[in-house]
Amino acid sequence: MRLVDPTQAAALGARAGLALCQGDATYRAFWRAAEVILQPLSHTFEQVSIFVADPQEDVFHEEAIAGPDGGQGSDELPMYQLPDALLKDGRVVERSRGPYRQLLAPIRLAGQLIGLLSLTSRAGATPAQLDAVAALADALAPGVGYALQRRAAEQALSVMHAAAKMSRELVGVSGFSPDRLLYRFVSLVVEQLKFDRATLVVFSEEQAAPARVICASLGRPPTEINPERLPPIPHLITDDPLPVQDVPGVWIPINLGRQRLGALLADNLYSLETPSRETIQSLIDLTGQVALSLENVRLFERLQAMALRDDLTGLFRPGYFYERLQEELARLEQDGEPAALIFIDLDDFKAVNDTYGHRAGDALLVQVAQELKSGLRPRDVVCRMGGDEFIVFLPRVKETDAVAIAQRVCDRIARKEYVLPDGARARVRVSAGVSLYPQNARDWQKLIHRADQAMYFAKRSGKGRVYTAALT
């Protein structure tokens, strides 16, 4: 891999970020991430290091090194020795270190500088490499943020040597089990803190509306409830709790910095007992722990989503598509519902690469992918198989509708005029094959094969058309 393409660099950074989410939050996690970055770039760079910021000491500590002497880092970079272009402007900088050249890229999350990515080589960097390194560091940032937040949570818990049973149990279900954590949390509010009812509201990332609501009450296990059944949520401006108006209880914001992650409503609907100050303080402390876990889940899910996407087009990768296809077909078989696959291939795509170059071909693929996705239903699953081949899964669709959708998508792609990087314009037609579930196949692999066969039959029959598996 040559580090010149920001899209490929971002995908590499996402994979390294996922490595930071595995196992503990010690230097070993940072070393794994650095190794993920170095392996495909070892022909260009000899060493990769990850530093984390220590604002109290105004220094960056080297967490781990990947390279000939890989392992735990020991270097420190005082902030006053680093240029403003790196610290304030957020630019990648290059500096000399004896016979080597070191690239330093800022790692920022939510506008805050949390670390540095260092790549060392014997040659200077090109402008394209600087842009790619910046994209790599940006994609790595959620993973670094996750590791640091997890580490902060672990350090905070270590000083709570006499923590209550509730806190210990919540730690036991933390990590990548958000449902277990949230369900157990509302249960413990009722069981351990003796509230009659606990309702946890989790907000969407946009913080516009509740995404999930989980409620537990005396004698009832935690369950998901419809957000429309919630009482009006007060405007929680600060981290301070707000009393409930009609019954003894309290609303507690679940915030992390300026992020509003959710809110907890704990009340005594049945006993009508006023909760003590100590009980409310315990809730405040515990919701801080839940806030860290919720943010960790968000960061992990964001990284996971990036790793499932094709580097160029942003469509799903084949591995994920195959897993999703098997799951969907199993569900459809239970429900007795039909489905379809569309296998799509661009006609004469090689001519675009030969005439305008591979950069233009990539730009065309990106635009075709956007046009393809915009012509489908939200529930349809779109994947780039590789090269100029795409595949679409249409759940709960009949034969006539599947063929009509395929024809509409092909016509939509053929009508559009695509703008290439040098300003040239191009049009492209596609051939498509449609296979139907369960008529043409029940096995997912055979279903793909039949759609592939139909697509090649469409190409041999003149291109720019749609054929079904029944016609091949």
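Label point of A414 set 7 angstrom out along Cα-Cβ; within the stretch 347-383, amide nitrogens under 19 Å from it belong to 347-352, 365, 368-376.
In deg cm²/dmol, rounded to 500, what helix-only [θ] at 222 nm does the chain give when every DSSP H run of at least 4 residues adds -39500 (n - 2.57) and the total is split over its residues? Each step should come with its number before you reach the end.
Values: 12 runs with 193 residues, N = 472.
Mean residue ellipticity at 222 nm (helix-derived): -13500 deg cm²/dmol.
Shown in residue order for the stretch 250-255 are the 3J(HN,Hα) couplings computed by the Karplus curve 6.51 cos²θ - 1.76 cosθ + 1.60 at θ = phi - 60°: 8, 9, 10, x, 10, 10 Hz (x for Gly and Pro). Highest average first, the peptides 71-84, 354-367, 108-121 ordered by how many other beta carbon atoms sit within 10 Å of their residues are 108-121, 354-367, 71-84. Working ranking of peptides 236-243, 12-19, 215-222 by packing, defined as the average number of other Cβ atoms within 10 Å per residue, highest first, is 12-19, 215-222, 236-243. Separation of the stretch 210-242 and the stretch 251-298, taken as the distance between their Cα centroids, equals 10 angstrom.
The mean sequence separation of alpha-carbon pairs under 8 Å and at least six residues apart, normalised by the residue count of the chain, gives a relative contact order of 10 percent. Sorted fewest first by neighbouring Cβ atoms within 10 angstrom, R260, R298, R2 come out as R2, R260, R298.
The string of couplings for the stretch 93-99 from the Karplus curve (6.51, -1.76, 1.60, θ = phi - 60°) is 10, 10, 9, 8, 9, x, x Hz, one whole number per residue in order, with x for Gly and Pro.
A straight Cα-to-Cα reach below 21 Å connects K459 with the lysines K350, K416, K446, residues fewer than 8 places away in its own chain not being considered.
For the peptides 324-334, 184-194, 379-389, residues were scored by their other Cβ atoms within 10 Å and the scores averaged per peptide; the highest-first order is 184-194, 379-389, 324-334. Annotation for A404 and Y456: the two label points, set 7 Å from Cα along the Cα-Cβ direction, are 3.1 nm apart.
We did not get these values from a lab; they are worked out from the coordinates using the rules stated. Computed from a prediction, not measured in an experiment: that's the story for all the values here. Heads up, the Cβs are rebuilt from the backbone with ideal geometry, glycines too, and the neighbour counts pull from every protein chain shown.
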